[in-house]
Every structure is written in structure tokens, then in C-alpha cells.
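Working notes for the structure below.
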Amino acid sequence: MREKSDVGRAMGGDRAAFARLYERYGRPVFLDLVARLRVREDAEDALQLTFLSAWSALPRLRHPERFVGWLFRIGRNKARDLGRRERLRWMRPLVEEDLIAPTGTEAPEVERLKGLVAGLKTQTRSILLLRAVEGWSADEVATALGCSAATVRRKYARALGRLRAGLVPRSAG
């Protein structure tokens, strides 16, 4: 598997191998960060911090086969740190134009969908975005987020149910 060889090469300082890892996992980590931080710019900042930290810590990675979970854990920590700083600002509005917050300029159904996604708990949002947007399997998401595949499947199904229920027009009567 190319991923394992890229992790090993990157651990040895191979920048091209690390760039391939970034290409493969940058967007999924970003989606997880968007789900956690809800603000695109903050997620972009956290993504950069995540990969900078991963690059500097990679030579000390004890279990290369756990790279994906390790990378997502770094991202969660960066999001938490950034979130602490953000809470000190006065009520910064949620502005995730692509995936999370309604913008007021779209069709009502899109606005409603974004509002429903924004209302999900953080881990559930991450699961939904990684499964639905990235097409990751339950096992891949479980590895990345540090939970069981059964938890991923259960939360994904519940999230889809909530979205369907929120989007289906209620019948009169």
C-alpha cells in the first residue's frame, strides 16, 4: 500500500512523500476541522498548524500504521486550542460558506440543510462530512476519529435521519 510507504518515507524526511500524504488527507482533515470550528478561516489555520506539527513530530511517530488517527488527533488538538482562543472573541458569527452555516443568499432548502448540519454535534458533523462528502468508509472514519466503526455507522444513520426529517415537508393534518 502506497500510504504505508509514504508514511515511512516521510518519517525519514522525504518531503515529496509528506506532500502526497497532505494531498490524500488534507481535505478530510479540513472537513473534520470545519465540523469542529464551524468557521472556514479557522479551519484553514488549524489545518496548516496540524500539518506543520505532524511534519515536525513525524520522526517520533511510534506506530506508523496509525498515522491517520494520529494526524486527526493532532487536528482535534489544534482545533481545541484555536477554539479556546476564539471563545475569547465577542460572538464571532458562524460563516462557513460551503458546508455549515446558512448565508441568507441561497434557496430555502439549502439554508435549511445547512442549518440542520450546523445543529449536529461536532463528532456527528465530522462523521457526516467524512462519509457523505469524502466517501470514506465507516472503518476509515473510525480510525481517523478514534471511535468504533459501529459508532460511526450509528451516528451517520441518525444524522441522515435527522436531515431527512428536517427537509421533508410536514403534511398538514
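The values are calculated or read from the model by the stated rules, or taken from the named source; none is laboratory data. Just so it is clear, the model here is predicted, and its values are computed rather than measured. Note: ideal-geometry Cβ built from the backbone for every residue, glycine included; neighbour counts use all protein chains shown. Remember, those area values only see protein heavy atoms, side chains included, never the ligands or the DNA or RNA. Shrake-Rupley method; radii C 1.70, N 1.55, O 1.52, S 1.80 Å.
Here 75, 69 are screened, and the one residue that is in contact with a Gly (Cβ under 7 Å, 6 or more places away or on another chain) and within 21 Å of residue 146 (Cα to Cα) is 69. Is at least one residue of the stretch 5-13 at pLDDT 95 or above and under 22 Å from residue 124 (Cα atoms)? No, there is no match, as no residue in the stretch 5-13 is at pLDDT 95 or above and under 22 Å from residue 124 (Cα atoms). Counting the residues of the stretch 1-14 that are assigned to a loop (DSSP other than H, G, I, E, B) and either among the small types (Gly, Ala, Ser) or open to solvent by less than 60 Å² (accessible area, probe 1.4 Å) (or both) gives 3. What about residue 144, is it among the hydrophobic types (A, V, I, L, M, F, W, C), open to solvent by less than 60 Å² (accessible area, probe 1.4 Å) and modelled with pLDDT of 80 or more? Taking the combined requirement at face value, the residue satisfies it.
Just so you know, in the stretch 129-141 the residues that are under 13 Å from residue 32 (Cα atoms) and without any contact (Cβ under 8 Å) to a residue 40 or more places away in the chain include one that is least open to solvent (accessible area, probe 1.4 Å), and it is 141.
Only one entry in 5, 53 is touching a helix residue (DSSP H, G or I) at 6+ places or on another chain (Cβ under 6 Å) and hydroxyl-bearing (Ser, Thr, Tyr), namely 53.
One residue alone among 128, 120 is at pLDDT 65 or above, of a type outside the set (Lys, Arg) and under 24 Å from residue 24 (Cα atoms), and that residue is 128. Selection of the stretch 75-117 for residues being modelled with pLDDT under 70, assigned to a helix (DSSP H, G or I) and open to solvent by 70 Å² or more (accessible area, probe 1.4 Å) yields 84, 85. Can you find even one residue in the stretch 41-59 that is under 15 Å from residue 73 (Cβ atoms) and acidic (Asp, Glu)? For the stretch 41-59, residues under 15 Å from residue 73 (Cβ atoms) and acidic (Asp, Glu): absent. Please specify each residue of the stretch 50-63 satisfying the condition of being loosely packed, with under 15 Cβ neighbours inside 10 Å and not charged (D, E, K, R). Result: 52, 56, 57, 59, 63. Selection within the stretch 15-45: residues that are open to solvent by 40 Å² or more (accessible area, probe 1.4 Å), at pLDDT 95 or above and touching an Asp or Glu at 6+ places or on another chain (Cβ under 8 Å). The member of this set that is farthest from residue 141 (Cα to Cα) is 20.
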